[in-house]
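Below: the structure, in structure tokens.
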Amino acid sequence: MKSIVILNNKGGVGKTTSVVNIAGALARKGKKTLLIDLDPAASASMHLGLDKNSASFKTLCDFIIDGAPESDDYIQNTAFHKLDCLPSEPALSDFYEEMAQEQDGGFFLERRHLPRKYEFILFDSPPNMGSLAFNALALADYVLIPVQTQYLALNGLQLTLKTVDKVRRHLNPGLKILGIFGTQFDRRTRVARDVLQLLRETHGPLMFKTAIGVNSKLVEAYNAQKPIIYKTPAARGALEYTALTREIQKRIKSDTA
Ligand SMILES: Nc1ncnc2c1ncn2[C@@H]1O[C@H](COP(=O)(O)OP(=O)(O)O)[C@@H](O)[C@H]1O
Ligand SMILES: [Mg+2]
């Protein structure tokens with residue numbers, strides 16, 4: 001089992017879109033995959049069809065409140081074969097910091113809570129670096145960093161890399177950066193091409209070859225509550241996330257060889 005946190009301290013950079021579509025691509029390839037949604041906005045859960053407004057199910061929030069020894073009862077099947085989700089809900093934000101203050105350190109997730117039956121466990125992180133995000137980083141194997149191909153996004157990347165360094169020093173010395181990839185890449189604009197070039201010059205080996213272009217089909221797939229590979233498999237966004245997922249698997253394989 002390999003665990004990966006998708007991380008960027010900024011909101012709106014494509015974390016949720018990426019984590020759901022990578023999880024979808026892994027499951028589509030037959031890899032048993034779990035997505036743990038750490039964002040109270042619950043967008044990854046909704047992207048996978050787990051919407052608290054229209055159905056009743058247990059969430060990560062219940063898991064924390066119950067102080068359950070196992071996470072199995074809180075993990076939900078999705079409509080997609082081999083893809084499960086430990087969903088989030090807005091109540092998570094009310095409870096979490098409060099409970100975290102009461103409990104020393106505030107880390108509720110432990111490695112034993114990550115079921116070994118999954119080949120991949122992916123965490124979607126919230127836009128702010130609260131203790132839930134640090135909790136995931138403390139037990140994960142890898143960090144995966146999406147970066148918008150705009151100059152302003154480069155500051156966010158520096159901040160994210162600093163966060164990873166801090167986690168390595170204090171919480172998880174074994175945490176590795178799996179890689180960085182460009183998102184919302186508009187290949188028609190000079191700025192986007194320049195930023196991608198700059199990222200490749202600065203972070204060479206960490207950069208994935210695949211960048212995710214701007215693609216409205218990704219937004220449509222979100223609205224349809226499906227990973228794009230199940231909605232419009234021939235769309236550019238689906239092909240790019242499949243290519244990125246292939247690169248991710250290859251890196252993990254050579255890292256663990
Ligand atoms: N490659 C893309 N092309 C078009 N829209 C995208 C793309 N990636 C993300 N979006 C849209 O941008 C917004 C922010 O993306 P999201 O994945 O929610 O970011 P984050 O989780 O980092 O806040 C969403 O409305 C999403 O549908
Ligand atoms: Mg998000």
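The values are calculated or read from the model by the stated rules, or taken from the named source; none is laboratory data. Not measured: the values here are computed from a predicted model. Glycine also receives a Cβ, built like all others from the backbone with ideal geometry; neighbour counts cover every protein chain displayed. In case anyone asks, the SASA skips ligands and DNA or RNA and just uses the protein heavy atoms, side chains included. Shrake-Rupley method; radii C 1.70, N 1.55, O 1.52, S 1.80 Å.
Miscellaneous remarks
- Region 37-95: C-alpha gyration tensor shape, a/c 1.5 cut-off, then a/b vs b/c: oblate
- Count Lys and Arg as plus one, Asp and Glu as minus one, and take only other residues whose Cβ is under 10 Å from that of Thr59; the net charge is then -1.
- Exposure ranking of Val219, Val167 by accessible area [1.4 Å probe, largest first]: Val219, Val167
- Net charge in the neighbourhood of Pro69 (other residues with Cβ under 11 Å of its Cβ; Lys, Arg +1, Asp, Glu -1) is -4.
- Projected label distance in nm at Asp94 and Phe107, using a 7 Å step from Cα toward the beta-carbon: 2.9
- Two-site FRET efficiency, Val191 against Arg236, from Cβ-Cβ distance with R₀ of 22 Å, rounded to 0.05: 0.65
- Look at the dipole of region 164-257 built from charges on Cβ: of Val219, His203, Thr245, the Cα furthest out on the positive end belongs to Thr245.
- Largest GNM mean-square fluctuation across Leu157, Leu198, Leu83, computed for the chain with C-alpha springs under 10 Å, falls on Leu198.
- Region 186-235 and region 1-47 have their alpha-carbon centroids 15 Å apart.
- Cross-link partners of Lys166 among lysines (Cα-Cα below 16 Å; sequence separation of 8 or more within a chain): Lys176
- Unit charges on C-beta of K, R, D, E only; dipole of the chain, Debye: 1640
- A Förster radius of 35 Å combined with the Cβ-Cβ distance from Asp73 to His203 puts the calculated FRET efficiency at roughly 0.30.
- Computed E for Asp165/Lys253 - FRET, C-beta separation, R0 35 angstrom, nearest 0.05: 0.85
- Partner aspartates and glutamates whose Cα lies under 17 Å from the Cα of Lys226, excluding those fewer than 8 positions away in the same chain, are identified as Asp37, Asp51, Asp84, Asp124, Glu240.
- Dividing the helix sum by the residues of the chain, where each DSSP H run of 4 or more adds -39500 (n - 2.57), gives a mean residue ellipticity at 222 nm of -13500 deg cm²/dmol.
- Taking the protein heavy atoms of the chain in the context of the full set of protein chains, the accessible area attributed to carbon and sulfur is 51 percent at 1.4 Å.
- Selection from Tyr151, Val13, Ser88 lying farthest towards where the dipole of the chain points positive, charges on Cβ: Tyr151
- Largest to smallest accessible area among Thr149, Thr189 [probe 1.4 Å]: Thr189, Thr149
- Checking the cross-link pairs Lys2/Lys231; Lys31/Lys209; Lys162/Lys231 against a 28 Å limit on the alpha carbon distance flags Lys162/Lys231 as lying beyond it.
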